[in-house]
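Computed from the coordinates by the stated procedures, all read-outs in this text should not be read as laboratory data. All values derive from a computational prediction rather than experimental measurement. We place every Cβ from the backbone using ideal geometry, glycine too, and count neighbours over all the protein chains shown.
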Amino acid sequence: TEEKYLGGRPELGEVEGILLPKATCSEWSRIQSFQARPDDLLICTYPKAGTTWIQEIVDMIQQEGDLDKCQRAPLHHRHPFVEWARPPQPSELGPSGVDQAKALPSPRTLKTHLPVKLLPPSFWEQNCKFLYVARNAKDCMVSYYHFQRMSKVLPDPGSWPEYFQTFMAGRVGWGPWYNHVKGWWKAKDSHCVLFLFYEDMKEDPKREIRKVMQFMGKYLDETTLDKVVHHTSFEIMKDNHMVNRAGVPLTIMDQSISPFMRKGTVGDWKNHFTVAQNEIFDIDYKNKMVDTSLTFRMEL
Ligand code: A3P
């Protein structure tokens, strides 16, 4: 295993047909028996949908706009990543999400990329609050492609045309985008889910941050709200070392290949998809999304 982490890229494992990091698969029973607490707030996203962005927004609201407090630690220390398991090597990857969460006093804010069907049941039993951010599939695909180019703990994405097929087939970490968004969209009918869209957040961050505040039962004054909006803009966050993964070692992420804070826009897929790819994608998309009322904006 050590060789795999130091040399080539690790492969993914699989749980119930969903690809996940191997270490997560090995720890699966521990992750499934995770004990949620009723006052947990769980941030849920498909990878690359704007997780980091919503995490910083939530923390800024919780800290009532206190920038120093938000600088207390990198995001992955502030919000344990539930299904993150620690592979044997390298040790820089830190403790597992389960252990980290256990040690955290309540009320906790946690992060997950798990689809509904793989979420530890105790989150449903405890009636936790879920904050889901969804991003349109084309931009997610592009963002994930660049992320896999630079992340050393996920498989090499191959060429763009190869990745295009891989993503559509759902053969990426955390499984198909399609079932992920549809599952969480449905969950909001029976659970406490605030369902946000990346595109809406780009269009009017203040409006969307107000929704988050309301959902969290936190009311900040107008000046503080403006401060949150400013501090969580892409331009500010990309230079913020507590969110831009600056401290992550080169063996895990090589940001010279592609920065973690890459572009932060809606519609970058147009710079990647060929006309032919777009047609293929749209036909396949229509089939996969026929059984949901959920719709996305692919541009602003
Ligand atoms: P791009 O690769 O399109 O730039 P995640 O945090 O879920 O991994 O998502 C990462 C994506 O969100 C990246 O998209 C990143 O640039 C974008 N992002 C991060 N912070 C952002 C912000 N404050 N505003 C807009 N987009 C942001």
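So the values come out like this:
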{"read-out": "Helix-only [θ]222 nm of the chain, DSSP H runs n ≥ 4, -39500 (n - 2.57) each, per residue, nearest 500", "value": "-11000 deg cm²/dmol"}
{"read-out": "Subset of K186/K238; K202/K288; K129/K211; K22/K152 violating a 22 Å alpha-carbon distance limit", "value": "K186/K238; K202/K288"}
{"read-out": "Lys, Arg +1 and Asp, Glu -1 on Cβ, resulting dipole of the chain about Cα centre, debye, nearest 20", "value": "220 debye"}
